Each structure stands twice: as C-alpha cells, then as structure tokens.
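The values are calculated or read from the model by the stated rules, or taken from the named source; none is laboratory data. Since this is a predicted model, take the numbers as computed values, not measurements. No Cβ is skipped: glycine too gets one built from the backbone with ideal geometry, and neighbour counts run over all protein chains shown.
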Amino acid sequence: MDAVQRFVRLVSAPEPPLDEAALLIAAGADPSLDPGRWLHELDRLAAGVDSLPRLLRRLFLEEGFRGNASNYYDPRNSLLPHVLTRRTGIPISLAVVCIEVGRRAGIPLEGVGMPGHFLVRVPGTDQHLDVFDGGRRLDLAGCEARFRTATGAGPRIRFGPHLLARASTREILSRMLENLRGVYRAGGGPARREWVLRMRLALRADEAALVELGEVLGEQGRWGEGARLIDSWLTGRARVDPPTRDRLVLASRTLRAHLN
C-alpha cells in the first residue's frame, strides 16, 4: 500500500498513534521513508528523561530544537523526519516531538489548538509550553499575549479557556495537513497537493477539500477521475444539504466538460 492508503487505514481508529500517523504524512512526500528509523530516534530522545524539566532540557538545550522563524513556510517544517534531522520546525511539528518523547518517558502531555499558535499542556493544569520558543512556560496571561500577537486580535476579542481546548490526535493531524496544503498551494505542484488532500479527506469530510482535490486531478489531466471522485462522495452520503450538493454537482460537470 502507498502512504495514503496506509494513512487512511491508520486513522480509521478514533485516536490513532500520533507518531506513526505523522510519519505517514512524511511518507506522502517521500515514499522511500523508513518509519522505523524515526521511531527509534524518538526512543533515543526519551532515554533517561524522568521529569518535565529534564524533557525540556533534553529537547531544547541539549538537542537544540527550535522554531524556524526565518523560513516558517518551508514544507520540511511540517515533515517529522526533517524536523528531527534539522532540529527545526513550526509549533505543531515541534509539539508532536515533545508529546511523543514525553509519552515514551512517561510524561503525559497534550496538544492545545489555540488559534494562531499551537501549544503543549500538562493535562489537567494551566501549565502551557511554547515549544516554538524553547519550551517556554506560559500562564494564561502569557497564552493570551501569544494569541493576540499571532492573530492580531484586539481587546474586543474575548480570550479564555474556550480558545485553549485540547487537540485530539485527529485534529493535530488535520492541522499539520492544512499547513502543508497551504504551503503546496503556494508552490509545490498538483501531485503534492493530491496526497495531502486525500489524507485530509480521510480525517474529515470537507466540501472545499473535495472540490480542490477534483481540481488538482484535473490539473494533471485526470478530469474523469476527479468527476468520479465527487460523484462517489455524493452517492455515499444519504444527506447532503441542497446548496452543497449543487456546488459539488457543478464541480463534477465542470471536470467532465474537459472530456468532450
């Protein structure tokens, strides 16, 4: 099976293994990827770690993991093997490293999908970590400052716990794929966008992603395949609201028009 098929099978579980799923995302970009090598690297990083302070010291002082502020939109920042090799990433990919090394060391951590800036948290506490900033600890006021800086939100936008919800594994994976979707849309070619969109749709039905996948297939001269994909999605759903159905039918007809 290719990486997309393996990813689809893995994420059929309600809470798939984060490390394996993140590596399958990377395998979409590099089909020759050996996941075992990188699972062993996560094991190595966890060896001898017995507390949260020791974990933070290992990752951010001894190993030198850091946020890639100078080239934030480099796709390698979202691909786990590159993050482990280069010791640089964006907030969500560095969070995956921190969470998975912590899990191996018996230190539970969870992702926090704050708008604009992904964080890590010790479950059941208000102790948040900014892994993009060397694992800096943030209280609620610190989280709010990060939120307003990242989003540009003014004082009229209320900040509170509703913006600091735990991110499930599926939500983390969706956010990683959305980052890659944006990067490859800006420059990467339709073949790269195709595997990203197929993985994205395996996590959640999304009309916009479905139409975009059809368009990406059309860009590769596969108009019939794109139309059949949309038709199959519509056939497999008993309830689709009329406006959505109309938009998808139009997208399918537009693709088929290229075959005439």
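Being under 13 Å from the mean Cα position of the chain (by Cα), closer than 28 Å to Asp30 by Cα and either in a strand (DSSP E or B) or not assigned by TED's automatic domain parsing to the domain that holds Val216 (or both), is that true of even one residue in segment 147-167? Checked segment 147-167: at least one residue is under 13 Å from the mean Cα position of the chain (by Cα), closer than 28 Å to Asp30 by Cα and either in a strand (DSSP E or B) or not assigned by TED's automatic domain parsing to the domain that holds Val216 (or both).
Here Val122 fulfils each of the conditions (1) under 15 Å from Asp19 (Cα atoms); (2) in contact (Cβ under 8 Å) with a residue 60 or more places away in the chain apart from (1).
Only residues that are surrounded by fewer than 19 Cβ atoms within 10 Å (Cβ to Cβ) and under 23 Å from Glu62 (Cα atoms): list them for segment 111-137, please. The answer is Val122, Gln127, Asp133, Gly134, Arg136, Arg137.
Tallying residues that are in contact with a Lys or Arg (Cβ under 7 Å, 6 or more places away or on another chain) and hydrophobic (A, V, I, L, M, F, W, C) within segment 124-166 yields 2. Within segment 68-92, residues that are assigned by TED's automatic domain parsing to the domain that holds Ala26 reach partners that are assigned to a loop (DSSP other than H, G, I, E, B) with beta carbons closer than 6 Å, at six or more positions or on different chains, in the pairs Asn77/Asn68; Asn77/Ile90; Arg87/Gly64; Arg87/Phe65; Thr88/Asn68; Pro91/His117; Pro91/Phe118; Ile92/Phe118. Identify all residues within segment 190-205 that are among the basic types (Lys, Arg), in contact with a Lys or Arg (Cβ under 8 Å, 6 or more places away or on another chain) and part of a helix (DSSP H, G or I); write none if there are none. Within segment 190-205, Arg193, Arg200 meet the criteria.
If Ala205 satisfies all but one of (1) under 24 Å from the mean Cα position of the chain (by Cα); (2) at pLDDT below 90; (3) surrounded by 14 or more Cβ atoms within 10 Å (Cβ to Cβ); (4) not hydroxyl-bearing (Ser, Thr, Tyr), what's the number of the condition it fails? The single condition Ala205 does not satisfy is (3).
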